[in-house]
Amino acid sequence: MYYSNGNYEAFADPRQPVGADKKSAYIIGGGLAGLAAAVFMIRDAKMSGKKIQILEELSISGGSMDGIKNPKLGYIIRGGREMEAHFETLWDLFRSIPSLEDENVSVLDEFYWLNKEDPSFSHTRVIENRGQQIPTDGKLTLTPRAIREMVDLAMTPEDKLQDVRIDQVFTSEFFESNFWIYWATMFAFEPWSSAMEMRRYILRFIHHVGSLADMSALKFTKYNQYESLITPLVRWLTARGVKFHYDTRVTNVVIDSGASNKIAKSIETVHAGRKKTINLSPDDLVFITNGSITESSTYGDNNTPAPRPSGIGASWELWKNIAAQNSEFGRPDKFCENIPVANWVMSATITLTDDRVVPYIKRICKKDPHSGSIVTSGPVTIRDSNWLYGFSISRQPHFRAQKPNEIVVWTYGLLSDKIGNYVKKKIADCTGAELCAEWLYHIGVPIAEIEDIAHNASHTVPCHMPFISTYFMPRALGDRPLVVPTGAVNFAFIGNYAETDRDTVFTTEYSVRTAMQAVYTLLNVDRAVPEVFPSCFDVRVLMRSVYYLNDKKKLADIEMPWFMKMLGAAGLKHVRGTYIAELMRQEGLI
């Protein structure tokens, strides 16, 4: 497996690798990573889809990429994925998958034109005082000290950040900035989260610093991500003979670790209460999705809180059983145990059934939710909410089955250890109606109307996700297994708990990238994996980030002696009239 950039390799159609026609594959987990692995085996390794089997714990594919109308509860979205133009492997995948609405058009083409016609733009990112936009919204409000701390973090190698928390590398000035509230609520970082992962995010998305306040760089699907992305993938794979085994729990993959090679020997499963062992040969490939952020999710309804889950669930038990065989297979306990109390565990799907709330949405978002356009373009955060409550409204209808009078709203709270402002409970103890009422209170709905709307003009599904924050747990090198461990002959790890260089977890891109790397490595596909977009190595992007981090100040107005020291006492004098000065002018610094 090797990396490349540019379109020379991207447009190539690789030959079938030697021996690929003899291979069979078992994919553990039917989430995005597992589905992507199946596509790459068929499309790029020229394997027969009939020789690929997907073993899925749930009764449906998609993993954390969800969106469903439950017959009893109604519409449910546990969360959403924010995408951008430089998700190189994601778009490589979906260029080959036909749209559900027009088989002559790829999902990528459909997605591309939709976002050209209706681009993302947030008019309001943060509110307070019951629906009022904060006065500094749109500015990052970083102090020179906070910017220096960000630069220091970016310059620190990963091996110096093992088990380090974000609040150990930043002081209070950073956490008081708008940058932090934008950043934390967009990506779900907490002060206790991994500084190592924070650094990766800074370097990975430095080209988006200028759009952090308006989210104009984001791209969104037409409907929920299950219907827009997962359903076309499943249809494509099913048409090519891929076998899906639902309600199948994998309890272990037995791996023989020899002196030089590691070979998966068997897969242990449980289906309908019956245990079964699948014996493997070196020609049987195994792709393991280890861990899950949505494992053990539970649901409530308008009148009932979501139950608190017990146990760690099948995906974590599987990883623990595999990791017990060899230290190179990761340390799942670092992620699924000892999760801080002040974390994100709850989201809720609110379905409004009349238009009484529309004026308050329009006042905040400056958009009509019935227009068919993206409404919030990502999260709107309530700064003075004890829960650090936020909400997001996508294009409506968000579900194909949605009625014209219905508006689907997704809400979440990042602080689960605090009592609400209107509902005097912790977020995890609330019914659906109470979660809706708290949201209505914060967006400015008159108090006299809140209870009636929450109980009679909406229905809300609470969702408790005990592991949703675990991607960002403080970690050390080796806590996540390599996609293909050293010496692995016929198995690989895929998904966001597998380790690949430079890319960031909690993204669709990470799922697809690990799947592509795994397939290309095990099958020796002679086509490059697109490298992570190298924006942090582009001097223009670095200059632009300095401009935006300082709220569009010129270099002469930036109060950062350390920056001038880095540039050199006579630095500006020497670059005048040069190409460097031309770049500085182009990026707004001079």
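The values are calculated or read from the model by the stated rules, or taken from the named source; none is laboratory data. Since the model is a prediction, treat every value here as computed from it, not as a measurement. Ideal geometry is used to build each Cβ from the backbone, glycine not excepted, and the neighbour counts take in all protein chains shown. What goes into the accessible areas is simple: the full protein's heavy atoms, side chains included, and nothing from ligands, DNA or RNA. Shrake-Rupley method; radii C 1.70, N 1.55, O 1.52, S 1.80 Å.
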From phi via Karplus (6.51, -1.76, 1.60), per-residue ³J(HN,Hα) for the range 177-183 in Hz, x at Gly/Pro: 7, 5, 3, 5, 5, 4, 5
If the reach is capped at under 22 angstrom between alpha carbons, list the lysines near Lys552, excluding any in the same chain fewer than eight residues apart. Lys139, Lys565, Lys573
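Can you pull out the trypsin sites (Lys or Arg not before Pro) in the range 376-472 that DSSP calls coil and that have at most 13 other Cβ atoms within 10 Å? Mind showing how you got there, number by number?
Details: sites: Arg383, Arg395, Arg400, Lys418, Lys424, Lys425, Lys426; in loops: Arg383, Arg395, Arg400, Lys418, Lys424, Lys425.
Passing both the DSSP loop test and the Cβ count: Lys424.
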Test of understanding: express the Cα radius of gyration of the range 376-430 as a ratio to 2.2 N^0.38 Å, with N the residue count. 1.34
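Pop the C-beta distance of Val254 and Thr298 into the FRET formula with R0 = 51 Å and round what comes out to the nearest 0.05. All intermediate terms of the calculation are to be shown ahead of the outcome.
Numbers: r = 31 Å, r/R0 = 0.61.
With R0 = 51 Å, the Cβ-Cβ based efficiency is 0.95.
Would you please put 289-297, 235-243 in order of how densely packed they are, using the mean number of other Cβ atoms within 10 angstrom per residue and starting with the highest? Kindly include the intermediate steps, with their values, before the conclusion.
Details: 289-297: 24.7, 235-243: 16.1.
In decreasing order of mean packing, 289-297, 235-243 become 289-297, 235-243.
At a 10 angstrom cut-off on C-beta neighbours, averaged per residue, how do the peptides 149-159, 206-216 rank from highest to lowest? Walk me through the numbers on the way to the answer.
On the way: 149-159: 14.5, 206-216: 19.4.
Highest-to-lowest ranking by the protection proxy: 206-216, 149-159.
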Which lysines have a Cα less than 18 Å from the Cα of Lys69, not counting those fewer than 8 places away in the same chain? Lys222, Lys403
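Which of the GluC sites (Glu not before Pro) found in the range 38-137 are in a DSSP loop and have at most 15 neighbouring Cβ atoms, other than their own, within 10 Å? Don't jump to the answer; show the numbers that get you there.
Details: sites: Glu56, Glu57, Glu82, Glu84, Glu88, Glu101, Glu103, Glu110, Glu117, Glu128; in loops: Glu56, Glu57, Glu82, Glu84, Glu101, Glu103.
Taking the range 38-137 and a limit of 15 other Cβ atoms within 10 Å, the loop GluC sites (Glu not before Pro) found are Glu101, Glu103.
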Can you list the HN-Hα couplings for the range 360-376, worked out from phi with the Karplus curve (6.51, -1.76, 1.60; θ = phi - 60°), rounded to whole Hz and with x for Gly and Pro? 6, 5, 5, 5, 7, 8, 6, 9, 8, x, 8, 7, x, 8, 4, 8, 9
For Lys262, the lysines lying under 28 Å Cα to Cα, once residues fewer than eight places off in the same chain are dropped, come out as Lys22, Lys23, Lys46, Lys50, Lys51, Lys243, Lys275, Lys276, Lys320, Lys334
Compute the distance from the alpha-carbon center of the range 74-101 to that of the range 151-194, in whole Å. 28
Sorted by chain and then number, the residues having a modelled amide H within less than 5 Å of the amide H of Ser106, at least 5 places away or on another chain, are Ser99
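Pull out a ≥ b ≥ c, the square roots of the eigenvalues of the alpha-carbon gyration tensor of the range 1-112, then state rounded if a/c is under 1.5, prolate if not and a/b is larger than b/c, and oblate in the remaining case. The partial results should precede the final answer.
Values: a/c = 2.09, a/b = 1.33, b/c = 1.57.
It is oblate, given that a/c is not under 1.5 and a/b is not larger than b/c.
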Counting only protein heavy atoms and leaving out ligands, DNA and RNA, the solvent-accessible surface of Asp13 at a 1.4 Å probe, in Å² to the nearest 10, equals 110
Given the range 313-433 reduced to its alpha-carbon atoms as identical point scatterers, what log10 I(q)/I(0) does the Debye formula return at q = 0.10, 0.17, 0.21 Å⁻¹? -0.47, -0.91, -1.12
Considering the Cα positions of the range 307-363, please state its Rg to one decimal place and its Dmax as a whole number of Å. 19.9, 58
Across 10 Å bins beginning at 0, the whole-percent shares of Cα-Cα pair distances in the range 19-79 come to 21, 41, 23, 12, 3
From the phi of every residue in the range 223-232, what ³J(HN,Hα) in whole Hz does the Karplus formula 6.51 cos²θ - 1.76 cosθ + 1.60 yield, where θ is phi - 60° and glycine or proline is x? 10, 4, 6, 5, 6, 7, 10, 6, 4, x
Quick check on the chain: of the DSSP beta bridges with both residues there, what percent are antiparallel, nearest 5%? 65
